[in-house]
Amino acid sequence: MLYRDEAGFTQAECVSKIRGVKDFVEHGAKLGHLWMEGHFRVGDPLTRAGERLDVMPKTGGSMHIELLVEEASAEAALTELLPRCVTAGVTWAIHVHQGKQDLLSKLANRLKGYAHWLPNDWYIVVLLDNDREDCHHLKNEMERVALEAALQR
């Protein structure tokens with residue numbers, strides 16, 4: 001993956017060495033989808049001309065939140081809200097999907113991928129619109145998927 005550093009120089013990063021990518025691919029993820037969802041943190045031409053995003057946080061001592069959201073509008077809202085609501089030292093990454101059905105269709109495999117490498121101080125938040133669905137049914141379905149992925153703590 002190529003990206004520009006802060007000085008404008010081209011840098012290269014091996015995608016297979018990015019945390020979680022191998023596990024996501026082993027559970028059915030396509031590299032293009034992971035790239036569009038922001039899992040690579042580099043090379044995205046839609047984000048600051050492809051420069052490197054904040055470095056993946058280290059584990060230990062501080063909480064990290066992986067947020068899986070339906071669409072860019074949720075990302076925009078969270079980008080404004082989280083710095084005001086979250087305690088100092090807590091880090092997060094927002095992974096945008098192409099709508100509710102896209103997120104739900106990939107959720108089981110993403111969670112199985114996370115289950116292979118997710119540190120104890122990291123959490124996953126899935127943010128979905130209700131869209132006039134039975135919220136209890138939707139919550140139960142998401143909990144079932146998380147249990148099948150062995151993510152419940």
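The values are calculated or read from the model by the stated rules, or taken from the named source; none is laboratory data. Please read all numbers here as calculations on a predicted model, not as lab measurements. Ideal geometry is used to build each Cβ from the backbone, glycine not excepted, and the neighbour counts take in all protein chains shown.
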Checklist line | Residues that are more than 24 Å from Val21 (Cβ to Cβ) and in contact with a Phe, Trp or Tyr (Cβ under 8 Å, 6 or more places away or on another chain), drawn from region 83-115 | finding: Val86
Next item on the list: Note down all Cβ pairs under 8 Å where the first residue falls in region 114-133 and is of a type in the set (Ser, Thr, Tyr), the second is part of a loop (DSSP other than H, G, I, E, B) and surrounded by 17 or more Cβ atoms within 10 Å (Cβ to Cβ), and they're at least six residues apart or on different chains.
Entry: Tyr114/Gly20; Tyr114/Ala149
Next item on the list: Would you mention how many residues in region 119-133 are in contact with a helix residue (DSSP H, G or I) (Cβ under 9 Å, 6 or more places away or on another chain) and exposed (fewer than 12 other Cβ atoms within 10 Å of the Cβ)?
Entry: 2
Notebook entry, point to check: Could you say whether any residue in region 17-24 is within 15 Å of the chain's Cα centre (by Cα), modelled with pLDDT under 90 and of a type in the set (Asp, Glu)?
Noted result: yes
